[in-house]
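The values are calculated or read from the model by the stated rules, or taken from the named source; none is laboratory data. Not measured: the values here are computed from a predicted model. Ideal geometry is used to build each Cβ from the backbone, glycine not excepted, and the neighbour counts take in all protein chains shown. Accessible surface is based on the protein model in full, side chains and every heavy atom, while ligands, DNA and RNA are left aside. Shrake-Rupley method; radii C 1.70, N 1.55, O 1.52, S 1.80 Å.
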Amino acid sequence: MSIELRHLTHVYAEGSAFRSVALEDINLTIRDGDFLALVGHTGCGKSTLVQHLNGLLTPSSGQVLVDGEDLAGEGVNRRALRMKIGLVFQYPEYQLFEETVAKDIAFGPKNLGLKAEEVDARVRAAMAQVHLDWQKYAERSPFELSGGQMRRVAIAGVLAMQPEVLVLDEPTAGLDPHGRDRILGIIEELHRQGTTVVMVSHSMEDVARLATRVAVLSHGKLLAEGTPREIFSRQEMMTEAGLAVPEAARLCASLRAAGIDLPADLYTEDELYDSLLKRWKEAGR
Amino acid sequence: MNLKSITLGQYYPVESPIHRLDPRTKILLTLALMVAVFLVRSLVGYALLLGFVYLAARIANVPFKLMMKGIKPLRFILILTFLLNLFFTTQGNVLFHWQFITLTDQGLKLSVHYSLRLMFLVICTSLMTLTTSPIQLSDGLEILLSPLKAIHFPAHELAMMMSIALRFIPTLLEETDKIMKAQMARGADFESGNLIARAKAMVPLLVPLFVSAFRRAGDLAMAMEARCYHGGEGRTRLRVLKFTRADLYAALAVAGLLVLIILEGRLLPAGWLL
Ligand SMILES: Nc1ncnc2c1ncn2[C@@H]1O[C@H](COP(=O)(O)OP(=O)(O)OP(=O)(O)O)[C@@H](O)[C@H]1O
Ligand SMILES: [Mg+2]
């Protein structure tokens, strides 16, 4: 499933004194199997963009095409599409509402109109995906869980619909390193199994490790778009967007400035380590 | 941020002498204007009132149309008042008679009178709420009500509750919007179905909303205590209210209007009176 944004513009409170342009002329294509990371400073419009991907917001102008079909078009079943493009909001734990974890996760599949057995099977599968033990947690109240566990229940609630595209708005915000690794591990695994992923993130390290493509937003405009290697080698552009590059890329740049001959586009720790090791060995010989 | 400013009551945030008036003045003068509305005896009096509020709107930099808009939600009550008085008044000279319907001149006068009264009451309140921010209003109310503390009336608590409620209305609206979207992303349907289906569809919205409202209330109480809040006793204010010369002029203007309206009731020939 591919999603194409064409000249997407979104204006909040149009026609009032409080009018604000949140997105301006965004052109972006998300292809099958991509892992797209959406980065940008606070308030640059990431959450606004993400809500266009499944039709929760309608563009002020421009189009959102899903498999070539305009989302805002007549006769498009937006509700059905919404369930194929799973959206996990920022702080999704605040949307839990059922008495038990299992019932809450079943909300999505039930809305799909599935049979009881199928719903049950999906709930179990989704809980396994997010590493929540069914025996232990299915009958617990979601409000008794820890924040990280609640987050996983909320993500399971979206996964249980088995979406083709998974969109996550800062899924690791406010979690400890362990909880963060857990969630990122789950997302990585899903991407490996063929789910297309769009993830909003403030951590360039996570982006460097996971994403196949990166889109940089700044003040509602798309500043750059490309592979992590292309994006992270443009340090100036990133600084202009109010962002940092991964630690490894920064270290690499400093070393190059100090006269050490390294490739300009390194951005992961492993790459940098290998290059340095190679140089050190060469120097030793 | 934007959402917040839109939903904060109907306050119209511009600069003007009337906006700068002390909220206590505005509350008291609004009450005086309401008394004036009840003293009006003729169409001339209503014309005077209309002229006054029109002038006030001009000085306040508030579109006059916006002030009239406050009447719109009341249109059914207005029409009802008009019709009831028109058809159910039996005193006076009969103007029109057909089967069981009787219209009298007295009925016509009364219905015009009552509808105009209601309209002007709303317009006068709008004049205040459009030019005074809700926070200022609750500040003003607190001070005006504080003499009642002698009889254990919780003036401070009431004002504090009002300010907090006002502060959280936009937050809750934002939250509602967010939760609604999140549940729609899971296929929730808030728009179709019969009444029962729709009521049921609200559960996934209301439960998280209540949970978060209680969480926020708890957090706020904690934060207030952490900053040593212990009720109104001995508390000083950030915004100290002060009467100025402008308050005096405003009071004089309203007093002048009151005198005119009282005179109008006495001086006009009987035929003019409503
Ligand atoms: N409901 C709304 N009404 C009016 N303006 C809004 C609304 N939601 C967002 N905005 C404005 O639109 C702009 C983009 O907001 P958005 O939430 O998309 O930013 P973001 O990139 O997700 O930020 P963050 O990193 O803080 O989550 C902001 O300037 C914000 O003030
Ligand atoms: Mg956001």
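Classify chain A: rounded, prolate or oblate, from the alpha-carbon gyration tensor (a ≥ b ≥ c, eigenvalue square roots; a/c under 1.5 rounded; otherwise prolate if a/b is larger than b/c)?
oblate
Would you please state which residues of region B:110-125 a label at B:Ile77 would reach in this model, taking the label point 7 Å out along Cα→Cβ and a backbone N cut-off of under 18 Å?
Residues passing the 18 Å test: B:111-125.
For B:Leu268 and B:Ala197 in one chain, what is 0.36 nm times their gap in residues minus the Cα-Cα distance, to one decimal in nm?
Length gained between B:Leu268 and B:Ala197: 19.4 nm.
Mean separation of Cα pairs under 8 Å and 6+ residues apart, divided by the residue count of chain A: what relative contact order is that in percent?
22
Be a star and scan region B:135-166 for residues whose amide nitrogen sits under 20 Å from the point 7 Å along the Cα-to-Cβ vector of B:Phe38.
The answer is B:145, whose backbone nitrogens lie closer than 20 Å to the label point.
For the protein assembly as shown, with every protein chain kept in place, what is the accessible area per residue (1.4 Å probe, Å²)?
Roughly 54 Å² per residue, with all protein chains present.
Peptides B:165-172, A:158-165: what's the order by average Cβ count within 10 Å, highest mean first?
A:158-165, B:165-172
Between B:Arg235, B:Arg117, B:Arg216, which gets the highest mean-square fluctuation from a Gaussian network model of chain B, Cα cutoff 10 Å?
Top of the fluctuation ranking is B:Arg235.
Tell me which of A:His10, A:Leu112, A:Pro246 sits at the most positive position along the dipole axis of chain A, charges placed on C-beta atoms (Lys, Arg +1; Asp, Glu -1).
Result: A:Pro246, furthest along the dipole toward the positive end.
Evaluate the relative contact order of region A:1-114 (contact order divided by residue number), counting alpha-carbon pairs under 8 angstrom at least 6 apart; express in whole percent.
26
I'd like the orientation of helix A:147-159 relative to chain A: the angle between its Cα long axis and the longest Cα principal axis, in ° from 0 to 90, rounded to 10.
So the inclination is approximately 70 degrees.
When all alpha-carbon pairs of region B:1-138 are counted, what percent fall beyond 26 Å?
35
Taking square-rooted eigenvalues a ≥ b ≥ c of the alpha carbon gyration tensor, is region A:5-98 rounded, prolate or oblate, where a/c under 1.5 means rounded and, failing that, a/b exceeding b/c means prolate?
Rounded.
What is the percent of Cα-Cα separations in region A:246-285 that go past 11 Å?
59
Given 0.36 nm per residue, what is the gain on full extension from B:Asn61 to B:Phe190 after removing their alpha carbon distance, in nm?
Working it through step by step, the gained length comes to 42.4 nm.
Suppose each label sits 7 Å from its Cα in the direction of the beta carbon; what would the A:Arg78-A:Tyr12 distance come out to in nanometres?
1.9
What residues does region A:66-98 have that are buried by at least 40 Å² of accessible area in the full protein assembly compared to the chain on its own, 1.4 angstrom probe?
Relative to the lone chain, where solvent access is computed with a 1.4 Å probe, region A:66-98 loses at least 40 Å² at A:Arg79, A:Arg82, A:Phe89, A:Tyr94, A:Gln95, A:Phe97.
Debye calculation, C-alpha points only, no solvent: report log10 I(q)/I(0) for chain B at q = 0.11 Å⁻¹, in the same order as the q values.
Reported log10 I(q)/I(0), two decimals: -0.88.
Check A:Leu23: other-chain or 5+ apart residues with amide H under 5 Å from its amide H, H built from backbone geometry?
Residues meeting the amide H criterion: A:His10.
Over the Cα atoms of the protein assembly as shown, what Rg and Dmax result, in angstrom?
Taking only Cα atoms of the protein assembly as shown, I get Rg and Dmax of 32.1, 122 Å.
Given H placed 1.01 Å from N in the peptide plane, which residues other than close sequence neighbours of A:Thr196 have an amide H under 5 Å from its amide H?
A:Gly33, A:Leu166
How crowded by other chains is B:176-183, given as the mean number of beta carbons from other chains within 10 Å of each beta carbon?
5
Using R₀ = 35 Å, calculate the FRET efficiency as 1/(1 + (r/R₀)^6) where r is the Cβ-Cβ separation of A:Lys278 and A:Thr29; round to 0.05.
0.45
Between B:Ala251 and A:Arg256, what is the spin-label point distance in nm, taking each point 7 Å from the Cα along the Cα→C-beta axis?
7.5
With a 1.4 Å probe, how much accessible area is buried between chains B and A, both sides summed, in Å² to the nearest hundred?
2000
What is the local net charge at B:Glu157, summed over the other residues whose Cβ is closer than 13 Å to its Cβ (Lys, Arg +1; Asp, Glu -1)?
In short, 0.
Quantify, in whole percent, the carbon and sulfur part of the accessible surface of the protein assembly as shown (1.4 Å probe; protein heavy atoms only).
Of all accessible area on the protein assembly as shown, carbon and sulfur atoms account for 60 percent.
What are the extents of the Cα atoms of region B:152-239 along their three principal axes, in Å, largest first?
Per principal axis, max minus min of the Cα coordinates gives 55, 26, 20 Å.
Once Lys and Arg get +1 and Asp and Glu get -1 on their Cβ, which of B:Ala223, B:Leu209, B:Ala155 lies farthest toward the positive end of the dipole of region B:152-239?
In region B:152-239, that residue is B:Ala223.
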